[in-house]
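Taking it in order: structure first as structure tokens, then the write-up.
FYI, it's all coordinate maths here, none of it is from the lab. Treat the numbers as computed from the prediction; the structure is a model and nothing was measured. We place every Cβ from the backbone using ideal geometry, glycine too, and count neighbours over all the protein chains shown.
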Amino acid sequence: MSVSDSAEIVGREDLPPLELFDSPRAWRMTAAAFVAMFASYGIAYSFGAFFKPMAQEFGAARSQTSVVFSLTVFVWSMLGSLAGHLADRFGPRIVVTVGAITMAAGLVLTAFIDRLWVGYLTYSLGVGIGVATAYVPMVAVVGGWFLRRRNSALGIAVAGIGCGTVTVAPLAAALIQHFGWRNTDIAFGIGGAIILLGCAVFVERPPVHVVPSQIRVSEAIRTPAFGLLYLNSFLSSLALFVPFVYLPAFAHDHGASEVAAAALVGVIGGASVAGRLGLGALADRAGVIFLLKSCYLVLALSFAIWLAGSSYTILVVFALVLGAGYGGFVALSPAVLAELFGVGRLGTVMGILYTSGGVGSLLGPPLAGMIIDWTGSYRWAIVYSLLGAFASYAVLIPLKDKPREE
């Protein structure tokens, strides 16, 4: 238990018994968060399978089509703070319910668009709001239900992102082959809404939701540590989402089948599960900030592997290394914020931090697409991603772990 946790719970008569923390009830919240992220991120990260069919049908350039995904990430990143605030105030159940309905509406409407720019609104708003309301509120719930095993629980919860990616991306490719991308959108909209509504039924406010953080949100976001994390998130997002959009098309252009190409996104998701689970548990015994920096270094090194060649074997290795780094820093970021700023307003602080990722994601894939369209090659787009990923690691070097209390 950290110092900030102790300060939050000692001497408070309005708090529930400590037995509620790390309890079977708390682990049920972890399971609900896992499933919510499985569904929402699985759908969002399957966009690579939709990329080529949509671009071909509308006769759009790579940069134009990638805007659909970039706007989606931008929406969920920018709305994360609002979703976290609303969940802190009204509880996560109503927020997740609204997100489920919005995601379904957005995907079903996308199935009937006749112009690509309309998809910028329907898909990006629908899926973006769905992810925003599933991620930040649910992670904050898990963080608030645990004291001793928080890092492990957060690692398990966000592993749902990887499991959803490894499952849904190849499924999307197979469904598109048989039924087309429009019918697949309808199926994902209905199926995703059912799953998220089920999660909303089970989720509950954490026991510490009434406890103010040891540091105010306005104070937290003015600290040097938050500034470094914010810049890091922006720079990494310039690179991170490029493979989710372009890797399937790259692999298909170099001889892989459509399903095998889409499966590479699934490989990223599968590898990220190991990163999330393994590092989440290791963080209970080691410094979370040291591990966070290590994960961003791994992310940068992965793009060097992609730069090395275009064979399917190299692409699989790239996806594995990228997924390990990506999964690790996604699992560790909430734990780092909880350690630095407490859990009382974790959802709000997380949401503010992730706005930087929204701006980076809005710029990253379209810039990569423009580079590809201009040069006729993916090589310089990969170099651009490598530089962004390495810069995201470099800015974290001054950040240090707090001394541990025994």
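Under the simplified labelling scheme, the Leu387-Arg25 pair shows an inter-label distance of 5.4 nm, with each label point 7 Å from Cα along Cα→Cβ. Helix 288-308 and the longest principal axis of the Cα set of the chain meet at an angle near 10°. The residues neighbouring Val245, those whose beta-carbon lies less than 14 Å from its own, together hold a net charge of 0 under the Lys/Arg +1, Asp/Glu -1 convention.
Think of the chain as having a plus end and a minus end, set by charges on the Cβ of Lys, Arg, Asp and Glu; of Ser272, Ser356, Leu399, Leu399 sits farthest toward the positive end of this dipole.
Label separation (Ile397 vs Ser377): 3.0 nm, computed from points 7 Å beyond Cα along the C-beta direction. Taking amide hydrogens as placed 1.01 Å from N in the peptide plane, the amide H of Ala61 sits under 5 Å from that of no residue at least 5 positions away in sequence or on another chain. Helix 312-341 axis versus longest C-alpha principal axis of the chain: approximately 30°, rounded to the nearest ten. In this structure, Ile314 and Glu219 have a Cβ-Cβ separation that, at R0 = 35 Å, corresponds to a calculated FRET efficiency of about 0.15. For the pair His178 and Arg148, label points projected 7 Å from Cα toward Cβ lie 4.7 nm apart. Note on the chain: with charges restricted to the Cβ of Lys and Arg (+1) and Asp and Glu (-1), its dipole about the Cα centre is near 160 debye.
Ordered by the count of other Cβ atoms within 10 Å of each Cβ, fewest first, Met37, Met138 give Met37, Met138.
The C-alpha atoms of the chain define a longest principal axis, and helix 379-394 lies at about 10 degrees to it. Converting phi to 3J(HN,Hα) with the Karplus coefficients 6.51, -1.76 and 1.60 and the offset θ = phi - 60°, the stretch 158-174 yields 6, 4, x, 4, x, 5, x, 5, 5, 8, 7, 4, x, 4, 4, 4, 5 Hz in sequence order, with x at every glycine or proline.
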